[in-house]
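J.: Shown below is the structure under consideration.
All of the numbers you see were taken from the coordinates with simple rules; none came from a lab. Quick caveat, the model's predicted, so the values are computed rather than measured. In this analysis, Cβ positions are derived from the backbone assuming ideal geometry, glycine residues included, and neighbour counts consider all displayed protein chains.
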Amino acid sequence: MPAELGFGSGPAGGASSAGSGPESWPRRRPEALLGDKGYDSNPNRDELRKRRILPVISRKGSPNINGLGTLRYVVEQTFALLHQFKRLAVRWERRTELHNAFASLACSLICRRRLEKTSHDRHEL
């Protein structure tokens, strides 16, 4: 269930800076940042360490980190839920604030459906 949503640019042809992103991202500093091999670069690791964040990123050419797949499942499942909304799967809006508004609305609908399902299951017991 998506609790918070932030948008930024991912690696497109090259590694992006781990420190870049909109101001709407969480204000609390996370203890660690999980990433796959697409984010494996020394500048990303250095930026995270400079911000006192532990980089947990698989290195290219090495085996994957144990347990990372379980945590990534939550992220991938969230994207799958959001992409059920066609307007988010294909970004039509040019303005970021409109896209963010639709994404927030989608998250609200996902949470509402999950809560309704949970409530319905409890009443059947």
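J.: Could you pull out every one of the lysines with an alpha carbon less than 26 Å from that of LYS117, ignoring same-chain neighbours closer than 8 positions?
T.: Here the lysines satisfying the reach criterion relative to LYS117 are LYS86.
J.: Related question: Pop a pseudo-label 7 angstrom from the Cα along the beta-carbon direction at both ASP46 and VAL90 and give the gap in nm to one decimal.
T.: Label-label distance for ASP46 and VAL90, simple model: 4.2 nm.
J.: Near LYS37, which lysines are there with a Cα under 23 Å away, not counting those fewer than 8 places off in the same chain?
T.: Cα-Cα hits under 23 Å: LYS50, LYS60.
J.: Give, in nm to one decimal, the length gained when the segment between VAL74 and THR118 is fully stretched (0.36 nm per residue of separation minus the Cα-Cα distance). Show your work: numbers first, answer last.
T.: On the way: separation 44, 0.36 × 44 = 15.84 nm, distance 1.84 nm.
So the chain would gain 14.0 nm between VAL74 and THR118.
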